[in-house]
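Working notes, beginning with the structure itself.
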Amino acid sequence: VRGTLPKIIALVEEGEKLLLKNRIFIDRLENVGVISAADAISLGWTGPCLRASGVPYDIRKVHPYMFYDQVDFDVPVGTKGDTLDRFLVRLDEIRQSARIIEQCLTRMADDGPVNVDDPRFVLPDKHDVYTTIEATIQHFKLVMEGAKVPKGEVYSYTEGGNGEFGFYLVSDGTGTPYRVRIRPPSFFTTAGLGKLITGRMISDVVPTFGSLNMIGGECDH
């Protein structure tokens, strides 16, 4: 990983120099697919698409989870909310992700397990499954019965590549959820596509749609 990060950043910088000095590229993205901060919020946008409209909302900063309050990183934001801003925000977020990874690498042990050591919820190591009866039983019980949690409900979310990726779960105390509702970011950003391309040329649809980074599986509701 340490050796790969500099290569990724070098490719980003190379692509940035190539594209941002290309007048045709800029003209095809600038002032195309514009959406205001108010409209983006009303549509339920999150992630890079929302931040490109000037809203500095990042769950990792606003509601830190795991270790995000222990690492330094910036939240890139745009000003116009156009296709070019969405491109630039995502470009900057690659750099910020590299910063986060570098900080994590310095804090992680050079070897040893990094997963949660709780047999109630984590599958045992494959080697142990194949060599010990205890691990085989644990693996079988977790897969067949699930992880039993108390009755109740919870909504939990993370800052995914496209925005807020949330899960609403209702438990009846058994090993399988009573209800699951997924809140995928692409479902909301893609719903705003019509607003972005109304009155535009057909050729503007391609870069505008691409700037949303739509994941088809998230839109199947």
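The values are calculated or read from the model by the stated rules, or taken from the named source; none is laboratory data. Quick caveat, the model's predicted, so the values are computed rather than measured. We place every Cβ from the backbone using ideal geometry, glycine too, and count neighbours over all the protein chains shown.
In this structure, does residue 79 turn out to be loosely packed, with under 14 Cβ neighbours inside 10 Å and in contact with a Gly (Cβ under 8 Å, 6 or more places away or on another chain)?
yes
Considering the range 158-184 alone, what residues qualify as being of a type in the set (Ser, Thr, Tyr) and touching a residue at least 60 places away in the same chain (Cβ under 8 Å)?
158 - this is the single residue of the range 158-184 that is of a type in the set (Ser, Thr, Tyr) and touching a residue at least 60 places away in the same chain (Cβ under 8 Å).
How many of the residues making up the range 146-157 are surrounded by fewer than 15 Cβ atoms within 10 Å (Cβ to Cβ) and either at pLDDT below 95 or under 30 Å from residue 56 (Cα atoms) (or both)?
The qualifying residues number 8.
Search the range 185-206 for residues that are touching a residue at least 12 places away in the same chain (Cβ under 8 Å) and crowded, with 17+ Cβ neighbours inside 10 Å and pair each with any residue that is assigned to a loop (DSSP other than H, G, I, E, B) and of a type in the set (Ser, Thr, Tyr) when their beta-carbon atoms are under 7 Å apart and the residues are at least 6 apart or on different chains.
If the second residue must be assigned to a loop (DSSP other than H, G, I, E, B) and of a type in the set (Ser, Thr, Tyr), the pairs left are 185/46.
For the subset of the range 25-34 comprising residues that are in contact with a Leu (Cβ under 6 Å, 6 or more places away or on another chain) and in contact (Cβ under 8 Å) with a residue 12 or more places away in the chain, which member is farthest from residue 15 (Cα to Cα)?
Across the range 25-34, the extreme among qualifying residues is 33.
Among the aliphatic types (A, V, I, L, M), surrounded by fewer than 12 Cβ atoms within 10 Å (Cβ to Cβ) and either at pLDDT below 95 or out of contact with any Ser or Thr (no Cβ under 8 Å at 6 or more places or on another chain) (or both), is that true of residue 143?
yes
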